[in-house]
Amino acid sequence: QVQLVESGGGLVQAGGSLRLSCAYSGRTYDYYTLGWFRQAPGKEREYVAACSWTGDTYHADSVKGRFTISRDNAKNTVYLQMISLTPEDTAVYYCGLYVGTKSPPQGNEYDYWGQGTQVTVSS
C-alpha cells in the first residue's frame, strides 16, 4: 500500500553533513506523520524527527540544532538534513509513516517503514 525508500546515507567525517531522503509512494492519507528514526548496533531504535500532515516539525532533543526535517510535497519526499555529525550519529536511519492524528508519534505507532540507509561518521 505504501512504499518508503530512503537514500543519501554514506560515510562522512566528524563535523560533516549529510542529507537523507525518503521517497514515499502508494496510498495517500489525510492525517499522517512522516518520521525519521535511527538504530545503532546493539541499541534500540531511536526517534529522531517527525513532520506531520500540517507541516509541523518535531525533533528529538538529542539532535535539535543539528538535524532538520523537511518535506517536499510535490516530490513526495521527506528529508533529514544533518550537520555537525559525530561518531555517535552512526546508525541505520529509517523513514516511517504513521497514519493518524497523534502528534508526534515517536515509536511503535508507525504503520510503514522503509529499508533504511546506513550513516557512518568517522572520527
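Of the residues making up segment 53-67, those that are under 18 Å from Y29 (Cα atoms) and loosely packed, with under 11 Cβ neighbours inside 10 Å are T54, G55. Summed over segment 55-64, the residues that are free of Cβ contacts under 8 Å to residues at least 12 places away in the same chain and of a type outside the set (K, R) give a count of 2. For segment 17-37, a tally of residues being open to solvent by 20 Å² or more (accessible area, probe 1.4 Å) and in contact (Cβ under 8 Å) with a residue 12 or more places away in the chain returns 13.
If a residue has to be open to solvent by 30 Å² or more (accessible area, probe 1.4 Å), in a strand (DSSP E or B) and farther than 16 Å from Y29 by Cα to count, how many in segment 80-110 make the cut? Selection size over segment 80-110: 3.
The values are calculated or read from the model by the stated rules, or taken from the named source; none is laboratory data. Values in this document were obtained by computation on a predicted structure and should not be read as measured data. Don't worry about glycine lacking a Cβ; one is built from the backbone with ideal geometry, like all the others, and counts go over all protein chains shown. To get the accessible areas, we keep the full protein, side chains included, count just its heavy atoms, and leave off ligands, DNA and RNA. Shrake-Rupley method; radii C 1.70, N 1.55, O 1.52, S 1.80 Å.
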